[in-house]
Amino acid sequence: MKIGVILESFRKEFKEAVEEAAKLGADGVQMYANTQTVHADMSGREIREVKKVLDGEGLKVSALCGDFGCEMYYTRDKSLIDREKKIMGIAKELGTDIVTTHIGVVPEEKACPQYESMREVCRELAKFADSMGGHFAVETGPERAQLLKDFLDGLDSRGVAVNLDPANLVMCAGDDPVSAVHILKDYIVHTHAKDGIMLKKTDTRTLYAPSFFGLQPSDWGEHIKEMPLGEGNVPWAAYIAALREIGYDGYLTIERECGETPAEDIAKAVTFLKKYIGE
């Protein structure tokens, strides 16, 4: 397995963040596709400049993050769907087949407009990804792994995939990441290395997409808490062993969304992961 870092986790300018990632010994980086540097309307020159900086530090792109909120999955907004497709094309040019994103919360009840809308939009994006040999990778967390698998099975596309975030499963869905690896094994193409704890159980629709279900929003801080790797409830030894069992050899991409010293936390996370992957 390889170690990646989400560049934006450093909270620094692009070039400085790339240098930090390389200095820590990362193999690759994931980047958000809504920044001044990486975005859906990048020119060929801008793409070449980004690749030049990454190549100069010996880093690959593990994935792009095409996560811009859940709206299009419930509204079928064509302009937003088209932007996601453009990002899949940018990803290819930057050297990765993977675009990750949250899609909202898959409802347990299939016979509802939200489920049908999500299925329609995800099927379109998955088939587009398949047509270009890429992956539209849904991030885990809002629902339990089995419910997500049943939804993905119904899309009937090789282009749909999973970005497995073990912390989200623990913090939000209250699910077991080890079981999730085995349930979603045919879909996993990328993972996030993040940790956390659930403070209080809640209907995840109130966290991810309350307005689309007619619900009052919940305060994230009351329900979940992200932690440095090894300090939350992700069972790392068993989790990484499960990834090995299914033959996963991709990226463990470090994500640090909070904390006062992100660079320090990321450095510790790299050291922590190397204990498990034998580097």
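Since every read-out is calculated from the coordinates, none of them should be taken as a lab result. From a predicted model like this one, the values you see are computed outputs, not experimental measurements. Note that we place each Cβ from the backbone using ideal geometry, even for glycine, and neighbour counts take in every protein chain shown.
Summing -39500 (n - 2.57) over the DSSP H runs of n ≥ 4 in the chain and dividing by its residue number, what mean residue ellipticity at 222 nm do you reach, to the nearest 500 deg cm²/dmol?
-12000 deg cm²/dmol
Does the stretch 95-148 come out rounded, prolate or oblate, given a ≥ b ≥ c as the square roots of the eigenvalues of its C-alpha gyration tensor, rounded meaning a/c under 1.5 and, failing that, prolate meaning a/b above b/c? Intermediate results must be reported in sequence, preceding the final value.
Details: a/c = 2.99, a/b = 1.62, b/c = 1.85.
It is oblate, given that a/c is not under 1.5 and a/b is not larger than b/c.
Tell me, what HN-Hα J-couplings in whole Hz come from the Karplus equation 6.51 cos²θ - 1.76 cosθ + 1.60 at θ = phi - 60° for each residue of the stretch 87-92, using x for Gly and Pro?
Listing the rounded values in order: 5, 4, x, 4, 4, 4 Hz.
In terms of the Cα gyration tensor, with a ≥ b ≥ c the square roots of its eigenvalues, is the stretch 107-177 rounded because a/c is under 1.5, prolate because a/b exceeds b/c, or oblate?
Cα axes put the stretch 107-177 in the oblate bin.
Using the number of other C-beta atoms within 10 angstrom as an exposure proxy, rank S43, S218, S131 with the fewest first. Please report the intermediate quantities before stating the final value.
On the way: S43 8, S218 18, S131 12.
In increasing order of surrounding Cβ atoms, one gets S43, S131, S218.
Which residues' amide hydrogens lie under 5 Å from the amide hydrogen of V61, considering only partners 5 or more residues apart or on another chain, with H built in the peptide plane?
Placed amide hydrogens put V29 under 5 Å from V61.
List, largest first, the extents of the alpha carbons of the stretch 56-180 along their principal axes, each in whole Å.
The principal-axis extents, from largest down, are 47, 34, 24 Å.
What are the ³J(HN,Hα) couplings of the stretch 163-168, residue after residue, when phi is run through the Karplus curve with 6.51, -1.76, 1.60 and θ = phi - 60°? Round to Hz, x for glycine and proline.
9, 7, 10, x, 5, 4
Can you run the Rg to Rh ratio on the stretch 2-277? Use alpha carbon positions and the Kirkwood inverse-distance Rh.
Numbers: Rg = 17.7 Å, Rh = 18.8 Å.
For the stretch 2-277, the value is 0.94.
Using a Gaussian network model of the chain with C-alpha springs under 10 Å, which one of E143, E226, E120 is most mobile by mean-square fluctuation?
Of E143, E226, E120, the Gaussian network model singles out E120 as fluctuating most.
Taking θ = phi - 60°, what integer Hz values does the Karplus form 6.51 cos²θ - 1.76 cosθ + 1.60 yield along the stretch 116-125, in sequence order, with x for Gly and Pro?
Coupling constants for the stretch 116-125: 5, 5, 4, 5, 5, 5, 5, 5, 5, 5 Hz.
Show the residues, 5+ positions off or on another chain, whose built amide H is closer than 5 Å to the amide H of K225.
I197, L199
I need D265, D153 ordered by Cβ neighbour count within 10 Å, fewest first.
D153, D265
Label point 7 Å out from K275 along Cα-to-Cβ: which residues of the stretch 146-172 have amide N under 19 Å?
166-167
What size of dipole, in debye to the nearest 20, comes out for the chain about its Cα centre when the only charges are +1 on Lys and Arg C-beta atoms and -1 on Asp and Glu C-beta atoms? Let's see the in-between values first.
Details: 34 positive and 47 negative charges, 92 e Å.
For this selection, approximately 440 debye.
Treat each spin label as a single point 7 Å out from the Cα along the C-beta direction, and report the Y115 to D219 distance in nm.
Each label point is offset 7 Å from its Cα along the Cβ direction, giving 3.4 nm.
Can you classify the stretch 143-265 as rounded, prolate or oblate using the Cα gyration tensor, where a ≥ b ≥ c are the square roots of its eigenvalues, rounded means a/c under 1.5, and otherwise it's prolate if a/b beats b/c and oblate if not? Don't jump to the answer; show the numbers that get you there.
Values: a/c = 1.88, a/b = 1.09, b/c = 1.73.
It comes out oblate by the Cα gyration axes.
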